Amino acid sequence: MLLAAGYRSFAAPAARALGITREVLRKHRNKHAALWHCRSSYNSSTALAAQTETSRIVAGNTTVASSSSSNSFPKYDRLLPCPTQKSTPRIEHLVVSKGGLVLEYICEALDLPPLFVADLIRFGAVYYALVCPQPPPTATEEEIRIFRRVTDPLVLRKRDSIKGKTLREAQKTFRVTNVDQFVEEGTYLRVHVHPKRFPRCYEIDWRSRIIAEEESYVVLDKPAGISVGGTTDNIEESCATFATRALGLTTPLMTTHQIDNCTEGCVVFANTKEFCSIFHRKMRDKKVRKLYLALTASPLPTGIITHYMRPIRMAPRLLSEDFIKGWHRCQLEVIDCRKVPWPTTNIQDKYCVEDCGWPSQDYAYECTINLLTGKTHQIRAQFAACKAPLIGDSMYMPATIAEMTNPGLNPFGKYNKDFSSESERETAVINWIAQYGKEPSVAIGLQAYQISWDDGEYSYKAGSPWWRCENT
């Protein structure tokens, strides 16, 4: 049995037992292939991709085809070498009908090659929970029936593995880390068949990006277009993994903080758990200072800028100029802002910087920023709210352009109005969110230029930002 956790389409339950052929199963699955859609963040704890994802419900002991000839999926071989083309996200959700080894079960249920499934496990793209999670509001009657059956108290009472656990504890997901892991009947599996890929990992001279290597920590000049510590479905193609290998370390580096995939610059990794805890404490105590360089489409005055961020962990991050109860205060200081040439087409092409349609591209503005609070997308969102979006920021710049054309579009902006009803306000927010674009693929005009702690006793700087590297 396979239970969706928020997505779309399903194959017939117990197909093999009912004598349904693979061809009939294929037609049934494709009939429902466009029913469910979901959007959420790669950084979300819900472990979903930040794109529309394809999923399905499949009977637990049914073998289903996965070849391109039968269901439009590619022919599966290995995850490496890294493909140059993006794959449509595909997530499969299963409930194990018969205990066995996780690799063997996934191979049979999804008709995937063993080496491919082993690669998925190594990438961190396979998750399990002892008990199937709650289905989404969009679940069908059949999906709800399956969920109720496998979570029936009489059924759960017979499972020794969940004794002493609450239902919520038993529904918590964990990564599968071993191809030989045993999964018992009733175990929930989530398989990210098409994990988000980071081909730029294989283009970087990682050793040359190491700023400092100390006994307890490493400082990396992170390239744009790569995650710091990995995504929900890919912990292999990350800065932490490749820096570990470049240094020949036997113990993986540990992340101490994050910057966006599309941001480059200083990132501190811990060599020990002790330093990881120490650095986290320094950040909580505001003893870590972060300076950024931002390349913007418009100038900004120097001084402190304050906004309030909606407390929803999903991109885009919405801001208000006015205080709203429950919203997070965001502050940064613009130390300097100077006029510079707009990056040439060659340099933009080299770093895959997207042209987001800014009307005037003769000059840009390089700002030095002291980040006073550290919220996700904070600089990007605040600068966009100030009509100075970062160059290449395909998520936030389109909304800025839209608001410049229609000043009353932003329900939280300078020209926000009183709404006659909650429904009218919600409609305005939905319309405003629709003005934002997609997350940048590689680089934007943002660099974590310098990081320091203990009043500057430890201080490290990144190299030149991409927009200054015309001749490199």
Just wondering, is there one or more residues in segment 241-261 that are in contact (Cβ under 8 Å) with a residue 24 or more places away in the chain, more than 28 Å from Thr173 (Cα to Cα) and touching a strand residue (DSSP E or B) at 6+ places or on another chain (Cβ under 8 Å)?
-> yes
Could you tell me whether segment 209-232 includes any residue that is buried (at least 20 other Cβ atoms within 10 Å of the Cβ) and assigned to a helix (DSSP H, G or I)?
-> yes
If you check every pair at least six apart or on different chains, which have Cβ atoms under 8 Å apart with a residue in segment 300-318 that is without any contact (Cβ under 8 Å) to a residue 12 or more places away in the chain first and a residue that is assigned to a loop (DSSP other than H, G, I, E, B) second?
-> Ile312/Leu318
Return yes or no: is Ser277 open to solvent by 60 Å² or more (accessible area, probe 1.4 Å), of a type in the set (S, T, N, Q) and out of contact with any strand residue (DSSP E or B) (no Cβ under 6 Å at 6 or more places or on another chain)?
-> yes
Taking Thr306 as the residue in question, decide whether it is hydroxyl-bearing (Ser, Thr, Tyr) and either in contact with a His (Cβ under 6 Å, 6 or more places away or on another chain) or open to solvent by 40 Å² or more (accessible area, probe 1.4 Å) (or both).
-> yes
Segment 119-151, residues that are open to solvent by 90 Å² or more (accessible area, probe 1.4 Å) and not in a loop (DSSP other than H, G, I, E, B) = Arg122, Glu141, Arg145, Arg148, Arg149
Kindly establish whether Val353 is more than 19 Å from Arg317 (Cβ to Cβ), open to solvent by less than 70 Å² (accessible area, probe 1.4 Å), of a type outside the set (Asp, Glu) and within 26 Å of the chain's Cα centre (by Cα).
-> yes
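Can you tell me which residue in segment 108-118 is farthest from Glu237 (Cα to Cα), limited to those that are open to solvent by less than 20 Å² (accessible area, probe 1.4 Å) and part of a helix (DSSP H, G or I)? Give the derivation first.
First, the residues of segment 108-118 that are open to solvent by less than 20 Å² (accessible area, probe 1.4 Å): 109-110, 112, 116-117.
When the remaining residues are screened for being part of a helix (DSSP H, G or I), the result is 109-110, 116-117.
Working: Ala109: 27, Leu110: 24, Phe116: 16, Val117: 17 Å.
My answer is Ala109.
Are any residues in segment 188-208 part of a loop (DSSP other than H, G, I, E, B) and either closer than 21 Å to Pro74 by Cβ or modelled with pLDDT under 95 (or both), and if so, which ones? Break it down stepwise before answering.
In the first step, residues of segment 188-208 are kept if they are part of a loop (DSSP other than H, G, I, E, B); the result is 193-198, 204-205.
Listed by number, the residues that qualify are Val193, His194, Pro195, Lys196, Arg197, Phe198.
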Find the residue count for segment 323-382, including only residues that are hydroxyl-bearing (Ser, Thr, Tyr), touching a Lys or Arg at 6+ places or on another chain (Cβ under 7 Å) and under 26 Å from Thr256 (Cα atoms).
-> 2
Would you check which residues across segment 361-380 are open to solvent by 60 Å² or more (accessible area, probe 1.4 Å) and over 27 Å from the mean Cα position of the chain (by Cα) and list them?
-> Gln361, Asp362, Tyr363
Which number in (1) open to solvent by less than 10 Å² (accessible area, probe 1.4 Å); (2) touching a Gly at 6+ places or on another chain (Cβ under 6 Å) marks the one condition that Phe383 misses?
-> (2)
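Can we say Thr256 is in contact with a helix residue (DSSP H, G or I) (Cβ under 7 Å, 6 or more places away or on another chain), hydroxyl-bearing (Ser, Thr, Tyr), buried (at least 17 other Cβ atoms within 10 Å of the Cβ) and within 21 Å of Gln450 (Cβ to Cβ)? Full working, then the answer.
Working: in contact with a helix residue (DSSP H, G or I) (Cβ under 7 Å, 6 or more places away or on another chain): yes; hydroxyl-bearing (Ser, Thr, Tyr): yes; buried (at least 17 other Cβ atoms within 10 Å of the Cβ): yes; within 21 Å of Gln450 (Cβ to Cβ): yes.
Judged against the criteria, Thr256 is a match.
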Take the residues in segment 280-296 that are open to solvent by 60 Å² or more (accessible area, probe 1.4 Å) and over 24 Å from the mean Cα position of the chain (by Cα), then tell me which one is farthest from Ile210 (Cα to Cα).
-> Asp285
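Filter segment 152-183 down to the residues that are polar (S, T, N, Q) and either part of a helix (DSSP H, G or I) or over 30 Å from the mean Cα position of the chain (by Cα) (or both) and list them by number.
Quick first cut of segment 152-183, residues polar (S, T, N, Q) only: 161, 166, 171, 173, 177-178, 181.
Answer for segment 152-183, where residues must be polar (S, T, N, Q) and either part of a helix (DSSP H, G or I) or over 30 Å from the mean Cα position of the chain (by Cα) (or both): just Ser161.
The values are calculated or read from the model by the stated rules, or taken from the named source; none is laboratory data. This one's a predicted model, so the numbers in the text were calculated from it and none came from an experiment. Because the Cβ atoms are built from the backbone with ideal geometry, glycine has one as well, and the counts that use them run over all protein chains shown. For accessibility, only protein heavy atoms count, side chains too; no ligands or nucleic acids. Shrake-Rupley method; radii C 1.70, N 1.55, O 1.52, S 1.80 Å.
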